[in-house]
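Below you'll find the structure, written out as structure tokens, and then a few comments.
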Amino acid sequence: IHACPAAPNAVYIFAARQSLTYIPLYIGRAESLSRRLSSHERRDEAIRRGAHYLLVHVPAVADPIGYAEAERRLIRHYAPALNEQHNVLAALLAR
């Protein structure tokens with residue numbers, strides 16, 4: 001989780017692991033992954049909540065879903081505890 005790989009236009013996840021399943025705690029995107037992760041404001045909180053893994057996806061140029069849309073879809077699907085934007089569950093709990 002402390003890695004700062006260099007990747008352009010990437011989607012990344014701070015994740016915990018239960019058995020054979022990764023549990024996303026935060027999902028984000030970055031034009032420059034190493035720059036974004038170098039001082040990420042949610043990483044320490046994710047670690048406190050059990051995150052030990054950094055998962056990264058860099059969509060191919062020909063991928064029909066770009067990294068911004070991939071981030072939105074993943075947040076909507078997984079509703080990670082630390083995401084507020086694009087997270088329907090977080091919006092409902094904030095009411």
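The values are calculated or read from the model by the stated rules, or taken from the named source; none is laboratory data. Because the structure is a prediction, the values reported are computed rather than measured. Cβ: placed from backbone, ideal geometry, glycine included. Neighbour counts: every protein chain shown. With ligands, DNA and RNA removed, areas are computed over all heavy atoms of the protein, side chains included. Shrake-Rupley method; radii C 1.70, N 1.55, O 1.52, S 1.80 Å.
For the stretch 12-36, which positions are open to solvent by 10 Å² or more (accessible area, probe 1.4 Å) and under 13 Å from the mean Cα position of the chain (by Cα)?
Scanning the stretch 12-36 gives I13, A16, Y22, I23, P24, L25, Y26, R29, R36.
Check R35, R42, R29 and return the single one that is free of Cβ contacts under 8 Å to residues at least 24 places away in the same chain and not hydrophobic (A, V, I, L, M, F, W, C).
R35
Can you work out which of the residues in the stretch 37-67 that are modelled with pLDDT under 90 and open to solvent by less than 60 Å² (accessible area, probe 1.4 Å) is nearest to the chain's Cα centre (by Cα)?
Checking each candidate, the answer is Y67.
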